[in-house]
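Asks: Here it is, the structure, as structure tokens.
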């Protein structure tokens with residue numbers, strides 16, 4: 001069995017650009033029309049796909065942003081937000097996160113809200129000075 005030649009032993013036969021997946025272009029990007037090789041397959045012209053509406057999900061609309069700013073200006077902060085800002089002022093970030101996690105339900109939402117509140121504090125400090 002020692003004389004049998006396995007595929008991974010034949011390194012001298014392969015071209016220098018064909019090792020470790022480096023072909024000069026991404027694998028499968030350009031088809032060759034042949035049944036063998038790294039880029040085997042029928043040559044096709046790919047259709048340009050329209051972007052799906054779902055790709056826009058989560059992107060903040062200008063109008064929505066404006067409406068939120070107006071509401072924040074008129075209504076101010078809710079009691080738990082005020083308490084969070086007080087905790088952040090005295091440097092109790094962990095306590096603020098715990099409070100927000102209880103109020104908002106998830107760790108991810110709590111972290112996002114804490115960052116938002118910290119940004120509000122920074123904005124107030126720059127406006128004050």
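Where a number appears in this text, it was derived from the coordinates with a stated rule and is not lab data. All figures in this text were calculated on a predicted structure; none of them were measured in a lab. Cβ atoms come from the backbone with ideal geometry, glycine included; neighbour counts cover every protein chain shown.
Asks: Computed over the Cα atoms, what is the radius of gyration of segment 37-97 divided by 2.2 N^0.38 Å, N being its residue count?
Replies: Segment 37-97 yields a ratio of 2.29.
Asks: Peptides 55-64, 72-81: what's the order by average Cβ count within 10 Å, highest mean first?
Replies: Final packing ranking: 72-81, 55-64.
Asks: Would you list 84, 32, 106 from fewest to most Cβ contacts within 10 Å?
Replies: The fewest-first ordering by Cβ neighbours comes to 106, 32, 84.
Asks: Also, I was wondering about something else. In nanometres, what is the gap between the two model label sites at residue 57 and residue 72, each 7 Å from Cα along Cα-to-Cβ?
Replies: 2.5 nm
Asks: Starting from the Cα-Cα distance between residue 85 and residue 30, subtract it from 0.36 nm times their residue separation and give me the gain in nm to one decimal.
Replies: 14.3 nm
Asks: When a footprinting reagent is the concern and you count Cβ atoms within 10 Å, what order do 117, 49, 38 take, fewest first?
Replies: 49, 38, 117
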